[in-house]
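Reading through the structure tokens given below for one structure.
The values are calculated or read from the model by the stated rules, or taken from the named source; none is laboratory data. Computed from a prediction, not measured in an experiment: that's the story for all the values here. So basically every Cβ, Gly included, is an ideal-geometry build from the backbone, and we count neighbours across all protein chains shown.
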Amino acid sequence: MQDLRISLVQGATRWHDPAGNRAYYGELMAPLRGATDLILLPETFTSGFSNEAIHNAETMDGPTVDWLHDQAKQLGAAITGSAQIRDGEAVYNRLFFATPDGALAFYDKRHLFRYAKEHERYAAGRDRLTVDYRGWRICPLVCYDLRFPVYSRNRFDVERPRDLDYDLLLYVANWPAARAQAWKRLLPARAIENLCYVAGLNRVGDDGNGLHYAGDSAVLDVYGEPLLALADAETVATTTLSAADLQAHRERFPAMLDADVFSLS
């Protein structure tokens, strides 16, 4: 397990413009080639957070999946972010984790945002995802999932109790400025309770529904303290996660040994 460079691409997603957004985010990411290991894009980065975008949902054979493969290969880094994807009869808010070797994992947003009626249009996912990447175990989640700590809880193997589910917890989001206080308080809580690094990537700007997004993207250490903290502006920033610091913290403060054993359903 080596140190991991992680980059936040905090952009102003164009409303209902997949091709424009691919070009826009591609331009923002271009300087990261060879300079990072993992890149975060916002939730629904091809359209903005819109129930109406369901009508233009792509399939797994669509241009966005191809674009993610191409970008990951060109940049030499994993890329994660979500888009509306039609799979069979359902449409999911699907997060992708694309790696430079051509692999692609995905997670369908489990907790749909009832307040905005997301649950009336989109299907909910069932399974949490953990990916192994460059020696790190990573759990990527989407926006509203942040409010549900049981689902994100870092469990341990009872036979190997120092083996936790993951080392890094990710959230990609479209989190409006009106509820920024919750975003800024819950991200540190997830880092502290799960003995892990946490990265939360939010968008900026205004969307087609008149909602403002203030960014507030951050990378937090195991104490919930910021390694990166972005303001309300288009920003691309990179920091490095220390594998040694993470392992030392877990050895020094092994709270997982006192945690409750449970399973997710």
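Structure notes:
- Where a residue in the range 247-260 is assigned to a helix (DSSP H, G or I) and its partner, wherever it lies, is basic (K, R), with Cβ under 9 Å and at least six apart: R250/R162; E251/R162; M256/R155; M256/R162; M256/R250; L257/R162
- Per the conditions (1) closer than 20 Å to R203 by Cα; (2) in a helix (DSSP H, G or I), the sole criterion not satisfied by L95 is (2).
- T46 falls short of the stated requirement of being in a loop (DSSP other than H, G, I, E, B), touching a residue at least 40 places away in the same chain (Cβ under 8 Å) and crowded, with 18+ Cβ neighbours inside 10 Å.
- Some residue of the range 2-21 being surrounded by fewer than 24 Cβ atoms within 10 Å (Cβ to Cβ), over 18 Å from A218 (Cα atoms), in contact (Cβ under 8 Å) with a residue 24 or more places away in the chain and in contact with a Pro (Cβ under 8 Å, 6 or more places away or on another chain): yes
- Test: residue in the range 200-207 that is basic (K, R), in a strand (DSSP E or B) and either at pLDDT 95 or above or surrounded by fewer than 20 Cβ atoms within 10 Å (Cβ to Cβ) (or both): no
- Test: residue in the range 51-64 that is hydrophobic (A, V, I, L, M, F, W, C), buried (at least 19 other Cβ atoms within 10 Å of the Cβ), on the phi < 0 side of the Ramachandran plot and touching a helix residue (DSSP H, G or I) at 6+ places or on another chain (Cβ under 6 Å): no
Conditions tested, residue by residue: (1) surrounded by 19 or more Cβ atoms within 10 Å (Cβ to Cβ); (2) modelled with pLDDT of 95 or more; (3) of a type in the set (A, V, I, L, M); (4) in contact with a strand residue (DSSP E or B) (Cβ under 7 Å, 6 or more places away or on another chain).
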| position | (1), (2), (3), (4) |
| --- | --- |
| H212 | no, yes, no, yes |
| V219 | yes, yes, yes, yes |
| L228 | no, yes, yes, yes |
| A244 | no, yes, yes, no |
| Q247 | no, yes, no, no |
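- Selection from the range 110-124 of residues that are surrounded by 13 or more Cβ atoms within 10 Å (Cβ to Cβ) and either in a loop (DSSP other than H, G, I, E, B) or of a type in the set (S, T, N, Q) (or both): R110, H111, L112, F113, R121, Y122, A124
- Pairing residues of the range 59-83 that are assigned to a loop (DSSP other than H, G, I, E, B) with residues that are of a type in the set (S, T, Y), at Cβ distances under 9 Å and at least 6 apart in sequence or on separate chains, gives G76/T36; A77/S7; A77/T36; A77/T99.
- Scanning the range 1-58 for residues that are of a type in the set (D, E) and farther than 26 Å from Y122 by Cβ yields D3, E27, D37.
- Residue selected from the range 29-43 under the condition assigned to a loop (DSSP other than H, G, I, E, B) and buried (at least 17 other Cβ atoms within 10 Å of the Cβ), by the criterion farthest from the chain's Cα centre (by Cα): T36
- The single condition among (1) in contact with a helix residue (DSSP H, G or I) (Cβ under 7 Å, 6 or more places away or on another chain); (2) surrounded by fewer than 21 Cβ atoms within 10 Å (Cβ to Cβ); (3) within 17 Å of S217 (Cβ to Cβ) that G26 does not meet is (3).
- Annotation: of all residues in the range 129-154 being touching a strand residue (DSSP E or B) at 6+ places or on another chain (Cβ under 7 Å) and in a loop (DSSP other than H, G, I, E, B), the one that is farthest from D245 (Cα to Cα) is L129.
Conditions tested, residue by residue: (1) surrounded by fewer than 14 Cβ atoms within 10 Å (Cβ to Cβ); (2) in contact with an Asp or Glu (Cβ under 8 Å, 6 or more places away or on another chain); (3) part of a helix (DSSP H, G or I); (4) at pLDDT 95 or above.
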position	(1), (2), (3), (4)
D163	yes, yes, no, no
W175	no, yes, no, yes
A180	no, yes, yes, yes
A189	no, no, yes, yes
